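Structure first, then comments.
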Amino acid sequence: MAEASSHIYKGEKKVLFFLHKFPFPATDGTKARIADAVIAPMLEHSQCEALVVTWEQPPNVPLDRQLIPTTGFILSRWQLLWNFLRRLWSKRPWQVEMLYDEAVEQEFRMRIAQVDVVYVQSLRLGRYVESLSPPDRAKVLLDLNDAISRHYLSGWHRYPLLWRLGVLIEGLKYRWYEKRMLRQFKWTTIIADSDKAYLQSFLTEPSTHIEVVYSSAKPVIPCRVEAGVDGPPSMYFLANVRYYPNREGLEHFLRRIWPCIKRELPDAVLYVIGKGTEKLARQYAREKGLIWTGYLSTEQLAEVVAKARICVSPVRIGAGMQTKIVEALMSGKPVVAAAEVTQWALYLPQLVGLFRCHHNDPEEWAYTIAWLIEHYEEERAKLCDERTQALLRDLFDVENVARRYQRVISRMLSCCQEGMR
């Protein structure tokens, strides 16, 4: 690995990170992956800069903590709405059209002529790169993150009634756009084998250039077999509930599954951790066993996870891979999750500690959780086994994920150098 990197990065290369979110501070899994596994490893060998087009307000972060020089274009909600309305009948996904701005494209075209590699964060920025010349297209690493059409087409019927038609149409638009862009770009990455298989299934010719680079993760707490957990049967759910798929999964869990768990384990406790839980906390204020913590700092989160025995992830809308599941496994906590959105685990049969239940089978959830409570020490020992932890580190540790991105970029630079000879 080190020899390959030193060969490719001989001399300083210029890298542009084209993003739709500011990568700092790393407040969620996607930002953390981009900051820690994509940007940070390139700083040692390359001149790096970022171009951001977003709806987010610029973060209040000192310049010395912003990783790299960053130019940001902030689109107002009115501008996003105007982009949506005037391009309502476009074949492109609405999210792609909403983020398009002529001034950003001019800036991007100027920057791409001056750099060796462009990392593009997701298809939402696709309109800026879809009409590039072949030489410039060869500079682009298109990080799909996950298969967005799979997310929408598999879960559109679980969105609110007034949203469903729009979500279905957006899913169909994304499926068409994913096909189009995969035919144009040689260098693409995705975070789950299940999403890669999905994308390849509707390509006319099997694609061999979609590189799977798993989401980076780190344990919330150290994985220690000897650290016992006393008290009532406890579990935790961790998510930003302002994000609709997380909220929908939690609401479904509390409505359908939690009563069955309480019948099986009357003393069960569930810690609900994350932003946006205030309304649900009021709705379930009289429900015994629910502890609403809201957003927690890193230290506070570690304390709660140390108390809990099981991580539950009832989210049932989505594609890709949930970082919080991997982080729980790396912390030695068994996970019970909805089978529908954890199909990526089928490609990792050596993985232990993840128990997949049908989203709408409360008895299966209750039985699995009760069994895990009874066999908790045994299951935790399996997870904390050095071989298991070594496997998890190999797949998901930030440094190893970073090396996979570097390998892709190294191959890109090699091909570009050969093409110039």
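Each reported figure results from applying straightforward, stated rules to the coordinates on display, with no laboratory input. In this text the structure is predicted, and so the values were computed from the model without any measurement. Using ideal geometry, Cβ is built from the backbone for each residue, glycine included, and neighbour counts are taken over all protein chains shown.
Give, rounded to the nearest 20 debye, the magnitude of the charge dipole that segment 62-197 has about its Cα centre when Lys and Arg contribute +1 at Cβ and Asp and Glu contribute -1 at Cβ. If you can, show how the numbers build up before the last one.
Values: 22 positive and 15 negative charges, 114 e Å.
So the dipole magnitude of segment 62-197 works out to roughly 540 debye.
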- Message: What whole-number distance in Å separates the alpha-carbon centres of segment 264-334 and segment 348-421?
- Response: 20 Å
- Message: Positive end of the dipole of segment 166-287, charges at C-beta (+1 Lys, Arg; -1 Asp, Glu), about the Cα centre: which of Gly166, Ser194, Asn246 has its Cα farthest in that direction?
- Response: Gly166
- Message: For the chain, give me the percentage of DSSP beta bridges that are antiparallel, rounded to the nearest 5 percent.
- Response: 0 percent
- Which residue, chosen from Ala402, Trp292, Leu348, occupies the Cα position most advanced towards the positive end of the dipole of segment 289-421, where the dipole is computed from +1 (Lys, Arg) and -1 (Asp, Glu) charges on Cβ about the Cα centre? Ala402
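Given +1 on the Cβ of Lys and Arg, -1 on the Cβ of Asp and Glu, and no further charges, what dipole in debye does segment 263-421 carry about its Cα centre, rounded to the nearest 20?
640 debye
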- Positive-pole candidate from Val104, Ser90, Trp78, dipole of segment 43-117, charges at beta carbon: Ser90
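Would you mind checking the pairs Lys279/Lys333; Lys262/Lys307; Lys218/Lys275; Lys275/Lys324 and listing those with alpha carbons more than 22 angstrom apart? Before the final figure, lay out each step's value.
Working: Lys279/Lys333 28 Å; Lys262/Lys307 19 Å; Lys218/Lys275 20 Å; Lys275/Lys324 15 Å.
The pairs that break the limit, which is 22 Å between Cα atoms, are Lys279/Lys333.
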- Item | Cross-link reach list, lysines versus Lys179, counting only Cα pairs under 28 Å and skipping chain neighbours closer than eight places | Lys21, Lys31, Lys91, Lys139, Lys196
- Task: Output ³J(HN,Hα) for segment 328-337: one whole-Hz value per residue in order, computed from phi by the Karplus curve 6.51 cos²θ - 1.76 cosθ + 1.60 with θ = phi - 60°, and x for Gly and Pro.
- Result: 5, 4, 5, 8, x, 9, x, 10, 10, 9
- Item | Charge dipole magnitude, Cβ of K and R +1, D and E -1 - the chain, Cα centre, debye nearest 20 | 1320 debye
- Query: Using 7 Å Cα-to-Cβ label points, what is the Ala390/Ala138 separation (nm, one decimal)?
  - Reply: 4.1 nm
